[in-house]
1. Could you say which residue among A:Thr322, A:Thr329, A:Thr366 is assigned to a strand (DSSP E or B) and crowded, with 19+ Cβ neighbours inside 10 Å?
2. Applying the selection to segment A:221-232, what residues are touching a strand residue (DSSP E or B) at 6+ places or on another chain (Cβ under 8 Å) and outside any strand (DSSP E or B)?
3. Do we find that B:Lys87 is more than 9 Å from every other protein chain (Cβ to nearest Cβ), part of a loop (DSSP other than H, G, I, E, B), surrounded by fewer than 19 Cβ atoms within 10 Å (Cβ to Cβ) and among the basic types (Lys, Arg) in this structure?
4. Take B:Val72 and decide whether it is in contact with a Ser or Thr (Cβ under 9 Å, 6 or more places away or on another chain) and not charged (D, E, K, R).
5. Which one is farthest from B:Asp149 (Cα to Cα) among residues in segment B:120-129 that are more than 7 Å from chain A (Cβ to nearest Cβ) and buried (at least 19 other Cβ atoms within 10 Å of the Cβ)?
6. Do the conditions hold for A:Glu97, that is, is it part of a helix (DSSP H, G or I) and more than 28 Å from A:Thr182 (Cα to Cα)?
7. At least 3 residues that are within 12 Å of another protein chain (Cβ to nearest Cβ) and either without any contact (Cβ under 8 Å) to a residue 24 or more places away in the chain or within 30 Å of B:Arg163 (Cα to Cα) (or both) in each: list the helices (runs of 4 or more DSSP H) lying fully within segment A:112-188 that qualify.
8. Select, from B:Asp55, B:Asp98, the only residue that is surrounded by fewer than 19 Cβ atoms within 10 Å (Cβ to Cβ) and more than 11 Å from chain A (Cβ to nearest Cβ).
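The values are calculated or read from the model by the stated rules, or taken from the named source; none is laboratory data. Because the structure is a prediction, the values reported are computed rather than measured. Here the Cβ positions follow ideal geometry from the backbone for every residue, glycine too, while neighbour counts run over all protein chains shown.
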Amino acid sequence: MGQIQVQNITKYFGVKAVLDGISFTLGGNDRLALVGANGTGKSTLIKIIMDQMEPDDGKVFKEPDKVIGYFAQDRSLDVSDVILFDQVRSAFKNIYETGRQLEEISLEVEKDPHNPQLLAKFEKLQHQYEALGGYDIDHRIERILSGLGFSKEDWKRPVVSLSGGERSRLQLATILATEPDTLVLDEPTNHLDLEATIWLEGFLQEFKGSVLIVSHDRYLLDKVCNHTVILIDGKAFDFTGNFTQARAQYDLEREHSLEKLQEQQEFIERANRFIKRFKGYGTEVAAKRARSMERRLERVVQVEALPQEKKVQLNLESSGRTGEIVFRTKSLSKSFGDRELFGGLNLEMKRGQKIALMGPNGCGKTTFLKTVIGEEEPSSGEVWLGYNVSMAYLEQELGSFNPEATVIEEIMNNSDLKPQEARDHLATFLFVGDDVSKLCKALSGGEISRLILAKLALIDANFIIFDEPTNHLDINARASLEDTIKNYSGSVLLVSHDRYFINNIGATIWAFDGNNIVDTRGSLEEYLQRKPEKQTDKGDQKTQQKQKKKDQGPSKNQIKSMQDRLKNFEDEISMLESRKSDIEQSMSNPDFYSRGEQTKLDLDEYDKIKIQLAETENAWAELSEELSAISPQ
Amino acid sequence: MFRGKRYKKLEKVFDKTKLYDVSEAIDILKKLKSTKFDETVEVGLKLGVDPKQADQYIRGTVSLPAGTGKTVRVLVFAKGEKATEAKEAGADYVGDDDIIDKIKGGWFDFDLAIATPDMMGSVGKLGKILGTKGLMPNPKAGTVTMEVDKAVKEFKAGRIEYRISKFADMHVPVGKISFSNEDIQKNILAFLSAIVRAKPASLKGTYIFTMTLSLTMSPGVKLDVSKATAVAIKA
């Protein structure tokens with residue numbers, strides 16, 4: 001049995017079966033990717049697996065005594081003034097409670113040391129505390145926090161001061177500290193910065209247990225997963241391999257199913273013609289054959305073609321042409337209290353450029369964007385906007401709509417479109433039929449993102465600023481957005497941690513370097529190659545140690561081995577020289593050349609020895625030089 | 001897993017797939033000695049219990065008849081009369097609040113800590129420090145006791161603590177390779193007999209899966225579990 005067995009899960013929302021007989025198994029070492037368009041029920045399925053929702057039919061079997069760490073998509077943290085370390089601690093209330101009880105009973109034992117019952121109770125509680133890992137819990141939390149890139153100074157920061165990405169990392173830390181056997185991760189890379197995403201990839205590859213992961217990050221899925229389940233129209237399609245392999249396999253199977261469907265339709269048409277023709281002959285034999293064909297037709301099982309995922313059609317038109325310079329910053333700086341996010345920035349964006357702003361979470365990327373659009377006042381310096389620039393801004397927090405409005409109302413309130421035009425427009429963003437009447441507050445993360453894209457497509461702009469536009473977009477929608485930005489003639493400034501996305505739109509990288517933003521004038525690949533890697537993980541430490549050893553020069557053992565090799569060379573040279581001199585001596589004898597075959601053999605050997613001698617002497621000279629360089633004595 | 005030349009050479013000394021009697025295994029261990037120091041003889045066990053269940057958590061102490069071959073530095077948390085008793089019994093360090101402060105300051109020059117129950121209120125505060133190093137006194141391990149003199153003497157003479165890991169295995173030192181074959185065998189059998197006696201009543205299925213004998217730096221020699229336990233029970 002696998003660690004999680006999903007059997008025939010069906011779930012209805014209204015009359016629509018969002019999940020229709022879903023079955024798969026998550027084995028002991030599986031890295032399973034659960035993918036599908038937004039709204040196909042991935043998060044619903046995860047909630048059913050995690051017992052947060054009841055299925056209408058089917059069952060989920062989980063191995064008993066296995067700890068499942070669940071990283072939910074809706075990661076709301078209690079962002080009071082709790083500090084980061086205490087936030088992780090709060091996940092272990094039972095351990096700290098046992099510790100408190102142990103302390104209490106220790107004091108009782110101290111007062112009544114001769115009470116055997118009390119001592120037995122103490123022993124039981126101590127065992128329980130030890131089994132829970134109570135003595136080690138603080139160290140465990142420290143290890144995980146450090147692994148996730150939180151420095152010691154960060155541990156005392158209030159949770160409220162953390163950025164979106166830092167909060168995601170904090171929640172991941174809380175889950176990992178429970179030492180789970182299985183990880184269930186629902187869109188774990190949303191809000192994670194590049195470094196944290198790369199760390200997560202490495203962590204999941206090394207994780208000793210099974211992983212069920214819902215993500216639209218194609219890099220992550222390809223690097224980590226070995227098993228993929230694709231959800232389309234409520235059905236599950238199970239494949240071995242990573243996302244790209246599974247996708248290719250699905251496309252192939254879909255093509256085959258279409259071919260089969262076509263073959264079947266051709267057969268049905270032929271059969272119907274045959275029946276009609278034979279019935280028209282009016283003979284008994286012909287009627288019998290027509291009936292036989294009819295029976296054959298009745299037995300035909302209708303072939304169903306595999307469904308195809310729907311794609312978002314986003315079309316962005318640039319309104320008018322800007323001047324050569326879109327915007328320019330002059331000694332721009334921004335501080336919050338004592339903390340300077342950026343300072344002395346002199347940057348320039350040219351017409352038609354696509355720029356991706358990179359930097360770790362919390363470094364001030366969003367603040368920079370907001371300063372450019374004028375929503376944030378700079379602490380000093382200024383942003384100069386070019387001629388005829390009209391901007392549109394897609395913000396990171398997806399809350400710029402009226403939650404009580406319906407989808408169609410939201411579009412009509414923000415445009416001059418008539419109802420039918422609004423419906424047509426929304427249809428290109430996959431809002432069809434009753435979808436347009438959904439309240440905004442009832443939309444899934446992906447639907448909200450599509451709604452914002454739909455609103456964005458209506459905006460007349462020639463300079464668009466996106467703040468993490470791919471968060472909550474599914475893989476197909478990301479591909480559509482990539483194509484759209486690539487073909488957009490206006491200028492684009494964006495913040496994103498999706499490597500596929502940035503590479504595909506061919507963006508130039510502006511990178512945060514401390515409190516400065518550097519125009520790298522290169523692509524993401526070039527930026528990643530140039531970026532000095534932080535030597536934090538064990539692998540890097542090992543490489544460093546190796547390099548250090550290399551720098552320190554050869555060890556005693558290596559020197560000894562070199563000396564031995566030198567000695568062997570010397571022995572060989574002396575042996576070869578001796579043999580050479582023997583042959584030379586015999587060559588001086590007049591009878592040497594009259595020995596027929598033996599003369600030929602000796603001459604051959606003589607030639608070989610000369611070559612061998614030269615090679616050995618060279619090798620000896622090189623080694624001798626090397627040795628004298630490292631060990632002059 | 002990477003293995004050095006020395007280790008690979010030692011692996012050829014015996015048949016790794018065969019299950020040996022205790023005496024045969026000790027003979028092999030003597031041939032496996034390949035270092036300049038006096039290596040420790042270690043017994044490794046894989047048990048069929050679930051350490052998460054309180055009644056299946058195997059932990060206790062056993063006196064090795066031939067000693068451990070190691071000088072154990074014993075610290076006793078006690079005051080008054082009990083402190084004097086501990087000192088007389090040969091404890092290396094005895095104290096109460098002064099020692100507790102010293103440990104808080106990072107002092108760890110001891111291998112075992114014993115406490116009288118009336119000190120547990122104060123010692124409990126060292127949980128995070130002593131617990132992570134496996135040095136926290138515990139009644140089941142015989143290190144929380146009023147009979148400090150007896151405990152000190154026994155631990156000094158070769159009483160060892162055994163405890164199952166969370167992966168249900170156990171590694172316990174049972175002497176030095178310089179010991180005579182008979183002494184090593186006596187120690188192994190005493191330990192095995194304690195383990196057999198500690199079998200939880202609630203356990204269903206196999207109790208001891210595998211048993212291995214090894215030196216500090218040697219491959220493990222597999223023991224025949226049924227034969228070894230039978231001999232241990234008789235002894």
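1. Testing whether each residue is assigned to a strand (DSSP E or B) and crowded, with 19+ Cβ neighbours inside 10 Å leaves just A:Thr329.
2. A:Leu221, A:Val224, A:Cys225, A:Asn226
3. The answer is no for B:Lys87.
4. On the way: in contact with a Ser or Thr (Cβ under 9 Å, 6 or more places away or on another chain): no; not charged (D, E, K, R): yes.
So B:Val72 fails the test.
5. B:Leu126
6. So A:Glu97 does not fit the description; no.
7. Where helices (runs of 4 or more DSSP H) fall fully within segment A:112-188 and carry at least 3 residues being within 12 Å of another protein chain (Cβ to nearest Cβ) and either without any contact (Cβ under 8 Å) to a residue 24 or more places away in the chain or within 30 Å of B:Arg163 (Cα to Cα) (or both), they are A:116-131, A:137-147.
8. Details: B:Asp55 fails: more than 11 Å from chain A (Cβ to nearest Cβ).
Sole residue among the options that is surrounded by fewer than 19 Cβ atoms within 10 Å (Cβ to Cβ) and more than 11 Å from chain A (Cβ to nearest Cβ): B:Asp98.
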